[in-house]
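Heads up: the structure comes next, in structure tokens.
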Amino acid sequence: MITSNIKQACFLFFIGLLSVISGCKVNYSFTGASIPPNAKTINIKYFPNNAPLVAQGLSQKITDGLQDKFTTETNLQMVNDGGDLVLEGSITDYKTTPVAIQGNDLAALNRLTITIEVSFTNTIDENLSFDSQKFSRYTDYSSSQNLTEVQEALIEEISQLLIEDVFNKAVINW
């Protein structure tokens, strides 16, 4: 008698748990992305380079990187117009500055910093939208190296960090 009551209680608990889980209104992925289930499309607009210093190809790298991130790590389809989710922005700063000044007033390290400004519109849940959010990342490199020698690798590293930050803010809600 007690065994059948335990089995019945476990069965009811399991049915209740399934009901709660199936009633959720947010899709989760292995990346941690939380996207409304009725969001099917995303429009990622071209990120122009409005920085005082312009690095060739940076706009395309950021734009393509964001498009790749969202299409490979979510079920969203890329569209050129409209979209359930819309991501747009620009590169606002690209600069190199000396850091780690030595006793002889020379820098031991230089820092490349890239800043982007991003707006995200979630047409399904406006509470998840954000406007003019700045994201900035940097990487240090030896002052014995010329920026042109290491620029491509530094841009790749910083771009990946910025793309991850934007993705996290837009669909992981950190």
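Derivation of every value follows stated rules applied to the coordinates shown; laboratory data play no part. Not measured: the values here are computed from a predicted model. Note: ideal-geometry Cβ built from the backbone for every residue, glycine included; neighbour counts use all protein chains shown.
Beyond 22 Å between alpha-carbons counts as too far, so tell me which of LYS40/LYS169; LYS95/LYS134; LYS40/LYS134 fall in that bin. All intermediate terms of the calculation are to be shown ahead of the outcome.
Working: LYS40/LYS169 18 Å; LYS95/LYS134 15 Å; LYS40/LYS134 26 Å.
Result: LYS40/LYS134 exceed 22 Å.
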Open item on the list: Need the full-extension length gain, ALA153 to ILE124, defined as separation in residues times 0.36 nm minus the C-alpha distance. One decimal, nm.
Closed with: 6.7 nm
TODO: For PHE47, list long-range residues whose amide hydrogen, built 1.01 Å from N in the peptide plane, is under 5 Å from its own amide hydrogen.
DONE: THR63
TODO: Check cross-link reach from LYS69 to the aspartates and glutamates: straight Cα distance under 12 Å, and skip same-chain residues fewer than eight apart.
DONE: GLU164, ASP165
- [ ] Sketch the reach of a paramagnetic label on LYS169 as a point 7 Å from Cα along Cα-to-Cβ, and name the residues of the range 46-75 whose backbone nitrogen lies under 12 Å away.
- [x] none
Task: Pairwise FRET efficiency - GLN160 versus ALA108, Cβ, R0 = 35 Å, nearest 0.05 - done: 0.90
Open item on the list: Under 5 Å between amide hydrogens, which residues at least 5 positions from MET78 or on another chain qualify, with H placed 1.01 Å from N in the peptide plane?
Closed with: ILE42
TODO: In nm, give the distance between the simple-model label positions of LEU53 and SER34, each being 7 Å from the Cα along the Cα-to-Cβ direction.
DONE: 3.9 nm
Task: Length gained when the stretch SER136-THR41 is fully extended (0.36 nm per residue, less Cα-Cα span) - done: 31.5 nm
Task: Label point distance in nm, GLU73-GLN145, each placed 7 Å from Cα along Cα→Cβ - done: 2.5 nm
Open item on the list: Bin width 10 Å, origin at 0, all Cα-Cα pairs of the range 39-172: what percent of pairs per bin?
Closed with: 12, 40, 28, 13, 6, 1
